[in-house]
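First the structure, in the form of C-alpha coordinates, and then the observations on it.
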Amino acid sequence: MLNGKRISVIVPAYNEEKRIGKILQRIPEFIDEVIVVDDGSKDKTSEVARKFGVKVIKLEQNQGKGKAMSEGIKEASGDIIVFMDADGQHKPEEIIKLVKPIVNGEADFVIGSRLIKAQGERPLIRKISNFITTSLIRLKLGINVKDTQSGFRAIRREFLPEIESKRYEVETEVLIKAVKKGARVKEVPVSMIYGVETGHFRFEDIVRFLKALARY
(Lines give C-alpha, C1' and ligand atoms only; values in the text may rest on other atoms or scores of the structure.)
Protein backbone atom coordinates (compact mmCIF):
# COMPACT_ATOMS: atom_id res chain seq x y z
CA MET A 1 0.00 0.00 0.00
CA LEU A 2 1.30 3.42 -0.96
CA ASN A 3 -0.66 6.51 0.09
CA GLY A 4 -3.81 4.43 0.34
CA LYS A 5 -3.39 2.80 -3.07
CA ARG A 6 -3.20 -0.97 -3.32
CA ILE A 7 -0.46 -2.09 -5.71
CA SER A 8 -0.25 -5.37 -7.63
CA VAL A 9 2.79 -6.57 -9.57
CA ILE A 10 2.28 -9.00 -12.46
CA VAL A 11 5.30 -10.95 -13.68
CA PRO A 12 4.85 -13.00 -16.87
CA ALA A 13 7.46 -15.76 -16.88
CA TYR A 14 8.58 -18.47 -19.27
CA ASN A 15 11.38 -20.87 -18.33
CA GLU A 16 12.84 -18.48 -15.75
CA GLU A 17 13.62 -20.80 -12.83
CA LYS A 18 17.17 -19.44 -12.62
CA ARG A 19 16.13 -15.78 -12.46
CA ILE A 20 12.63 -15.53 -10.99
CA GLY A 21 13.79 -15.99 -7.39
CA LYS A 22 16.30 -13.15 -7.65
CA ILE A 23 13.47 -10.88 -8.82
CA LEU A 24 10.94 -11.88 -6.19
CA GLN A 25 13.30 -11.53 -3.24
CA ARG A 26 13.82 -7.86 -4.14
CA ILE A 27 10.16 -6.80 -4.44
CA PRO A 28 9.64 -3.67 -2.27
CA GLU A 29 7.69 -4.04 0.96
CA PHE A 30 4.98 -1.55 -0.05
CA ILE A 31 3.78 -3.94 -2.79
CA ASP A 32 0.51 -5.60 -1.72
CA GLU A 33 0.36 -8.45 -4.18
CA VAL A 34 2.68 -10.25 -6.59
CA ILE A 35 1.29 -12.51 -9.30
CA VAL A 36 3.65 -14.69 -11.33
CA VAL A 37 2.06 -16.06 -14.49
CA ASP A 38 3.98 -19.13 -15.60
CA ASP A 39 3.36 -19.21 -19.34
CA GLY A 40 3.68 -22.95 -19.87
CA SER A 41 7.27 -23.24 -18.65
CA LYS A 42 9.02 -26.57 -19.02
CA ASP A 43 11.28 -25.92 -16.05
CA LYS A 44 10.59 -25.24 -12.34
CA THR A 45 9.57 -21.58 -12.67
CA SER A 46 6.30 -22.15 -10.78
CA GLU A 47 7.91 -24.16 -8.00
CA VAL A 48 10.58 -21.55 -7.39
CA ALA A 49 8.05 -18.70 -7.40
CA ARG A 50 5.79 -20.43 -4.86
CA LYS A 51 8.65 -20.59 -2.38
CA PHE A 52 8.38 -16.80 -2.08
CA GLY A 53 4.73 -16.90 -1.07
CA VAL A 54 3.44 -15.14 -4.18
CA LYS A 55 0.34 -16.04 -6.17
CA VAL A 56 1.24 -18.30 -9.10
CA ILE A 57 -0.91 -18.89 -12.17
CA LYS A 58 0.27 -21.85 -14.22
CA LEU A 59 -0.78 -21.97 -17.88
CA GLU A 60 -0.70 -25.46 -19.33
CA GLN A 61 0.81 -24.34 -22.64
CA ASN A 62 3.02 -21.47 -23.72
CA GLN A 63 0.62 -18.85 -25.14
CA GLY A 64 2.70 -15.67 -25.20
CA LYS A 65 3.32 -12.61 -23.05
CA GLY A 66 0.03 -10.96 -23.94
CA LYS A 67 -1.99 -13.94 -22.75
CA ALA A 68 0.06 -14.17 -19.56
CA MET A 69 -0.55 -10.49 -18.80
CA SER A 70 -4.27 -10.92 -19.45
CA GLU A 71 -4.52 -13.86 -17.04
CA GLY A 72 -2.60 -11.93 -14.40
CA ILE A 73 -4.95 -8.96 -14.67
CA LYS A 74 -7.93 -11.22 -13.96
CA GLU A 75 -6.43 -12.12 -10.57
CA ALA A 76 -5.03 -8.72 -9.63
CA SER A 77 -6.80 -6.68 -6.96
CA GLY A 78 -4.63 -3.53 -6.96
CA ASP A 79 -5.65 0.04 -7.75
CA ILE A 80 -2.36 0.27 -9.65
CA ILE A 81 -1.03 -2.61 -11.75
CA VAL A 82 2.72 -2.92 -12.37
CA PHE A 83 4.11 -5.15 -15.10
CA MET A 84 7.70 -6.33 -15.09
CA ASP A 85 9.65 -9.05 -16.89
CA ALA A 86 11.05 -12.10 -15.14
CA ASP A 87 14.43 -12.24 -16.86
CA GLY A 88 16.35 -9.86 -14.61
CA GLN A 89 16.39 -6.87 -16.97
CA HIS A 90 14.32 -4.74 -14.59
CA LYS A 91 15.26 -3.66 -11.09
CA PRO A 92 12.39 -4.28 -8.63
CA GLU A 93 13.73 -1.48 -6.43
CA GLU A 94 12.73 0.97 -9.17
CA ILE A 95 9.03 0.09 -9.04
CA ILE A 96 8.62 3.14 -6.81
CA LYS A 97 9.58 5.34 -9.78
CA LEU A 98 6.65 3.97 -11.75
CA VAL A 99 3.93 4.16 -9.14
CA LYS A 100 4.74 7.51 -7.54
CA PRO A 101 3.49 9.68 -10.44
CA ILE A 102 0.20 7.74 -10.41
CA VAL A 103 -0.21 7.92 -6.63
CA ASN A 104 0.54 11.65 -6.75
CA GLY A 105 -2.08 12.22 -9.45
CA GLU A 106 0.43 13.24 -12.13
CA ALA A 107 -0.23 10.37 -14.54
CA ASP A 108 -2.38 7.33 -15.24
CA PHE A 109 0.16 5.28 -17.18
CA VAL A 110 3.89 5.34 -16.44
CA ILE A 111 6.51 3.72 -18.65
CA GLY A 112 10.01 2.87 -17.45
CA SER A 113 12.20 4.33 -20.19
CA ARG A 114 15.28 2.16 -20.56
CA LEU A 115 18.75 3.52 -19.99
CA ILE A 116 21.61 1.14 -20.67
CA LYS A 117 23.93 1.64 -17.73
CA ALA A 118 24.69 -1.65 -16.17
CA GLN A 119 25.55 -4.57 -18.38
CA GLY A 120 25.72 -5.42 -22.07
CA GLU A 121 24.11 -3.89 -25.13
CA ARG A 122 20.50 -3.94 -26.22
CA PRO A 123 20.14 -6.66 -28.90
CA LEU A 124 20.00 -5.26 -32.45
CA ILE A 125 16.54 -6.67 -33.15
CA ARG A 126 15.22 -4.88 -30.06
CA LYS A 127 16.77 -1.60 -31.22
CA ILE A 128 15.14 -1.96 -34.62
CA SER A 129 11.71 -2.90 -33.27
CA ASN A 130 11.71 -0.14 -30.66
CA PHE A 131 12.73 2.51 -33.21
CA ILE A 132 10.02 1.47 -35.68
CA THR A 133 7.17 1.11 -33.22
CA THR A 134 8.04 4.16 -31.13
CA SER A 135 8.28 6.41 -34.18
CA LEU A 136 4.96 5.21 -35.58
CA ILE A 137 3.12 5.33 -32.26
CA ARG A 138 4.30 8.87 -31.58
CA LEU A 139 3.00 9.84 -35.01
CA LYS A 140 -0.29 8.00 -34.55
CA LEU A 141 -1.12 9.18 -31.03
CA GLY A 142 0.65 12.53 -30.95
CA ILE A 143 2.40 11.76 -27.66
CA ASN A 144 6.05 12.32 -26.85
CA VAL A 145 7.06 8.86 -25.67
CA LYS A 146 10.56 7.60 -26.40
CA ASP A 147 10.34 3.96 -25.30
CA THR A 148 6.94 2.53 -26.17
CA GLN A 149 8.06 -1.10 -25.96
CA SER A 150 9.33 -1.16 -22.40
CA GLY A 151 7.64 -3.96 -20.46
CA PHE A 152 8.33 -2.19 -17.16
CA ARG A 153 5.22 -0.08 -16.65
CA ALA A 154 2.48 0.85 -14.20
CA ILE A 155 -1.16 1.56 -15.03
CA ARG A 156 -4.09 2.86 -13.04
CA ARG A 157 -6.64 0.03 -13.02
CA GLU A 158 -9.41 1.97 -14.77
CA PHE A 159 -7.21 2.44 -17.83
CA LEU A 160 -6.34 -1.24 -18.26
CA PRO A 161 -7.80 -2.45 -21.56
CA GLU A 162 -9.02 -5.89 -22.48
CA ILE A 163 -5.94 -7.51 -24.00
CA GLU A 164 -6.26 -9.31 -27.32
CA SER A 165 -2.60 -9.70 -28.31
CA LYS A 166 -0.76 -12.94 -27.64
CA ARG A 167 2.91 -11.95 -27.93
CA TYR A 168 5.14 -8.89 -27.58
CA GLU A 169 2.86 -6.62 -29.57
CA VAL A 170 0.86 -6.42 -26.35
CA GLU A 171 2.94 -3.40 -25.27
CA THR A 172 1.72 -1.53 -28.36
CA GLU A 173 -1.89 -2.60 -27.87
CA VAL A 174 -2.08 -1.60 -24.21
CA LEU A 175 -0.50 1.81 -24.81
CA ILE A 176 -2.76 2.71 -27.74
CA LYS A 177 -5.93 1.56 -26.00
CA ALA A 178 -5.05 3.33 -22.74
CA VAL A 179 -4.35 6.62 -24.53
CA LYS A 180 -7.65 6.31 -26.40
CA LYS A 181 -9.37 5.91 -23.02
CA GLY A 182 -7.82 9.21 -21.94
CA ALA A 183 -4.81 8.00 -19.94
CA ARG A 184 -2.14 10.58 -19.19
CA VAL A 185 1.19 8.97 -20.09
CA LYS A 186 4.48 9.75 -18.40
CA GLU A 187 7.96 8.28 -18.84
CA VAL A 188 10.51 7.91 -16.07
CA PRO A 189 14.11 6.78 -16.55
CA VAL A 190 14.96 3.30 -15.28
CA SER A 191 18.07 1.17 -15.41
CA MET A 192 18.19 -1.88 -17.63
CA ILE A 193 20.52 -4.85 -17.57
CA TYR A 194 21.15 -6.39 -20.97
CA GLY A 195 23.21 -9.46 -21.60
CA VAL A 196 20.48 -11.63 -20.07
CA GLU A 197 18.44 -11.91 -23.26
CA THR A 198 16.31 -15.03 -23.11
CA GLY A 199 15.62 -15.26 -26.85
CA HIS A 200 11.80 -15.27 -26.75
CA PHE A 201 11.61 -12.22 -29.05
CA ARG A 202 11.68 -12.93 -32.79
CA PHE A 203 11.85 -10.83 -35.95
CA GLU A 204 8.26 -11.74 -36.77
CA ASP A 205 7.23 -9.82 -33.66
CA ILE A 206 8.11 -6.60 -35.50
CA VAL A 207 5.48 -7.54 -38.08
CA ARG A 208 3.04 -8.21 -35.26
CA PHE A 209 3.75 -4.71 -33.89
CA LEU A 210 2.89 -3.15 -37.23
CA LYS A 211 -0.35 -5.11 -37.48
CA ALA A 212 -1.29 -4.10 -33.94
CA LEU A 213 -0.56 -0.47 -34.74
CA ALA A 214 -2.89 -0.58 -37.73
CA ARG A 215 -5.57 -2.56 -35.88
CA TYR A 216 -5.83 -0.52 -32.69
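The values are calculated or read from the model by the stated rules, or taken from the named source; none is laboratory data. Because the structure is predicted, anything quoted here is derived from the model rather than measured. Positions of Cβ are backbone-derived with ideal geometry, glycine not excepted, and every protein chain shown enters the neighbour counts. Quick note on the areas: whole protein, heavy atoms, side chains included, nothing else; ligands and nucleic acids left out. Shrake-Rupley method; radii C 1.70, N 1.55, O 1.52, S 1.80 Å.
Of the trypsin sites (Lys or Arg not before Pro) in region 1-33, the ones in a loop by DSSP (not H, G, I, E or B) with at most 12 other beta carbons within 10 Å are Arg26.
Straight Cα distances below 26 angstrom link Lys44 to the lysines Lys18, Lys22, Lys55, Lys58, Lys65, Lys67, Lys74, Lys91, Lys166, with same-chain residues fewer than 8 positions distant left out.
The GluC sites (Glu not before Pro) of region 35-88 that meet both conditions, a loop assignment by DSSP and at most 14 other Cβ atoms within 10 Å of the site Cβ, are Glu60.
If R0 is 30 Å, what FRET efficiency do you get for Lys146 and Asn62 from their C-beta distance, rounded to 0.05? My answer for the efficiency is 0.45. Only aspartates and glutamates eight or more places from Lys140 in sequence, or on another chain, were considered; those with a Cα closer than 14 Å are Glu173. Using the 1.4 Å probe convention, the accessible area of region 41-102 works out to 44 Å² per residue with neighbouring protein chains retained.
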